[in-house]
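A short write-up of the structure that comes next.
The values are calculated or read from the model by the stated rules, or taken from the named source; none is laboratory data. Small disclaimer: the values here were computed from a predicted structure and weren't measured. No Cβ is skipped: glycine too gets one built from the backbone with ideal geometry, and neighbour counts run over all protein chains shown. With ligands, DNA and RNA removed, areas are computed over all heavy atoms of the protein, side chains included. Shrake-Rupley method; radii C 1.70, N 1.55, O 1.52, S 1.80 Å.
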Amino acid sequence: MISLAGRTAVVFGLANKRSIAWAIAQKLHAAGARLVITYQNERFEETAAKLAATLPKGSIVECDVNKDENVVAAFAKIKEKFDAVDILVHSIAYANREDLGGSFLTTGREGFRLALDISAYSLIPIVREAAPLMKNGGSIIAMTFYASTRVFPGYNIMGTAKAALEHEVRQLAGELGQKNIRVNAISAGPLDTLAARGIPGFIKMKQIHAERAPMRRNITHEEVAKTALYLCSDLASAVTGAIIPVDTGYHIVAM
Ligand code: NAD
């Protein structure tokens, strides 16, 4: 049994009960961690409050990552409650609908900037605030997808953003390793969530995944959360800078 008793986890990216962030938060909580869950804005506040209330000692903090000062303000609130943070989960992505699907050639400069800003850049200010609180070392996890290195029709600009995010994971792992802060990403197979529904052809993508993956099925939220728990625990004490596929093996298939 993995224990995270006495550890504090900050999880970014809760929209609703289907959010990967929620599956991870529940799993970390079940292992004994104290949870701080962040939500983007008032649109998600009620749901975040209701879900967090089901986790004893769970609390919520608003944070739209579109501005550095919002991230600084969120961590100021977290610091009021906790001296140290041990675990950080980045489970955030956004792109304009018109930049998902259709021709990649039509991606505009502003849409590119926005997708990369929210989905990739945001990891940097979040880690900048979290790392000084990781006084006893820590584990940072970002969520990525195989479209970072392969072409998935429809994923378009989000593939570019995931490529940037994965590079940041390695860069941050290189910089923070000496502080015993580990930085990894989970590359999840397709899961039905709010963000996934914005990808044109997502249902077909999920079907093809189940047909071709070596294990001949899709993954579950629970399976992503279990890998997150492993990465947050001492079992992964020497694992950093890794992109871990949780995809029933889809990433090894060529034909
Ligand atoms: P989701 O819609 O539940 O979560 C995305 C979250 O990003 C939401 O909570 C949303 O509020 C947040 N967000 C967007 N813009 C924000 C902003 N400006 N400030 C703060 N938060 C913002 O969907 P999800 O599938 O759980 O996505 C979580 C992560 O997992 C994303 O990085 C996504 O790319 C990744 N991922 C998802 C899948 C999948 O198939 N669902 C597969 C691989 C990776």
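Longer than 24 Å from Cα to Cα, which of Lys77/Lys135; Lys77/Lys162; Lys27/Lys81; Lys27/Lys204; Lys27/Lys50; Lys50/Lys162 are they? Say none if no pair is. Among Lys77/Lys135; Lys77/Lys162; Lys27/Lys81; Lys27/Lys204; Lys27/Lys50; Lys50/Lys162, the Cα-Cα distance tops 24 Å for Lys77/Lys162; Lys27/Lys204; Lys50/Lys162.
Were the residues from Phe104 through Ala163 laid out at 0.36 nm apart, the gain over their Cα-Cα distance would be 19.7 nm. A straight chain from Asn16 to Arg97 at 0.36 nm per residue would run longer than the Cα-Cα distance by 27.2 nm.
Put a dot 7 Å past the Cα of Ala238, heading toward its Cβ, do the same for Ser3, and the two dots end up 2.5 nm apart.
Taking amide H positions as modeled 1.01 Å from N, with prolines and chain starts lacking one, the residues under 5 Å from Ile181 and 5 or more places away or on another chain are Gly138. Loop-resident GluC sites (Glu not before Pro) (DSSP state other than H, G, I, E or B) in segment 189-253 with no more than 16 further Cβ atoms inside 10 Å of their Cβ are absent.
Counting only protein heavy atoms and a 1.4 Å probe, tell me what percentage of the chain's accessible area is made up of carbon and sulfur. Ligands and nucleic acids excluded, carbon and sulfur reach 54 percent. Calculated accessible area for the chain comes out at 48 Å² per residue, all protein chains present (probe 1.4 Å; ligands, DNA, RNA ignored). Projecting the Cα atoms of Leu231, Ala164, Gly198 onto the charge dipole of the chain, computed from C-beta unit charges around the Cα centre, puts Leu231 farthest toward the positive end. Scanning residues 5 or more positions from Leu88 or on other chains, those with amide H under 5 Å from its amide H are Val10, Ser139, Ile140, Ile141, with H placed 1.01 Å from N in the peptide plane. 3J(HN,Hα) along segment 179-188: 8, 6, 9, 9, 10, 9, 10, 9, 9, 8 Hz, from the Karplus curve 6.51 cos²θ - 1.76 cosθ + 1.60 with θ = phi - 60°, whole Hz, x for Gly and Pro.
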